[in-house]
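The values are calculated or read from the model by the stated rules, or taken from the named source; none is laboratory data. These numbers come from a predicted model, not from an experiment. Cβ placement follows ideal geometry from the backbone for every residue including glycine, while neighbour counts extend to all protein chains displayed. In case anyone asks, the SASA skips ligands and DNA or RNA and just uses the protein heavy atoms, side chains included. Shrake-Rupley method; radii C 1.70, N 1.55, O 1.52, S 1.80 Å.
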Amino acid sequence: VLITGETGAGKEIIADMICKLSGINEEKIVKINCGAISQNLLESELFGYEKGAFTGADKSGRPGKFEIADGGTVFLDEIGEMPLEMQSKLLRFLDNKKINRIGASYEKTVDVRIIAATNRDLLEEISKNNFRLDLYYRLSVMNIEIIKLDDRKEDIELLARHFTEKLNEAHDKKKTLSSWYIDSLKSRSWKGNVRELQNVVFRDYYLCESDELTVSSGEMIMNDLEPEKQKNVPSEII
């Protein structure tokens, strides 16, 4: 499955839901951010290594993400930032379902599902020779495109209540959201998508001393500004 969408649109949430609704709820999902690990380390993270494979390696060796997730799912976040050399090795794995640890003289078959996600336009990256066309077709058997939050305002209330319920469970409280608060969230522009909405709800939850959230911190910031200064406020704050 290939999930595409803007930063913060909720790609990881969709990946979690795919696993939860798969009918095998207890199966494991192993996540890795392909853009946060250097090329030299990414291969060992994905495929593992044998003891003594390189300087500083664990004396007993270490399994990679695919091996750990055997029988489950690997979530490859930021797949568009994976180096070309690693893309070819990933493609080989997708073709034969076998991993070869660094420094090993044998291959091991593993059974995993792959969910990949990116905020990049992979077709554009392909035209720039930054992403392999064959890997794109191999990953996009099922393609899910997440539209930005500003284009699905009807989801805002559902998401805000979900985030509040999570906080209530964590802190043993029963805070609620007023209709005015929900309306204020819907009236905003969410350039940071679901992640920005979550951060705002979390912040409002902790700042609110009552059991009902009535004013968004974003609105409070704007109310504290003089009218002539409001026009200079970055759109992310409004």
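Tabulated results
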{"quantity": "Residue in the range 157-179 that is in a strand (DSSP E or B) and within 30 Å of Ser210 (Cβ to Cβ) present", "calculated": "yes"}
{"quantity": "Residue ID - nearest to Thr4 (Cα to Cα), chosen from residues in the range 121-150 that are over 17 Å from the mean Cα position of the chain (by Cα) and crowded, with 19+ Cβ neighbours inside 10 Å", "calculated": "Tyr136"}
{"quantity": "Unique residue being open to solvent by less than 90 Å² (accessible area, probe 1.4 Å), touching a residue at least 60 places away in the same chain (Cβ under 8 Å) and among the polar types (S, T, N, Q) when the list is Thr164, Thr118", "calculated": "Thr118"}
{"quantity": "Identity of the residue in the range 191-210, aliphatic (A, V, I, L, M) and surrounded by 13 or more Cβ atoms within 10 Å (Cβ to Cβ), that ends up farthest from Glu6 (Cα to Cα)", "calculated": "Val201"}
{"quantity": "Among (1) surrounded by 15 or more Cβ atoms within 10 Å (Cβ to Cβ); (2) free of Cβ contacts under 8 Å to residues at least 60 places away in the same chain; (3) in a helix (DSSP H, G or I), the one test that Arg188 misses", "calculated": "(3)"}
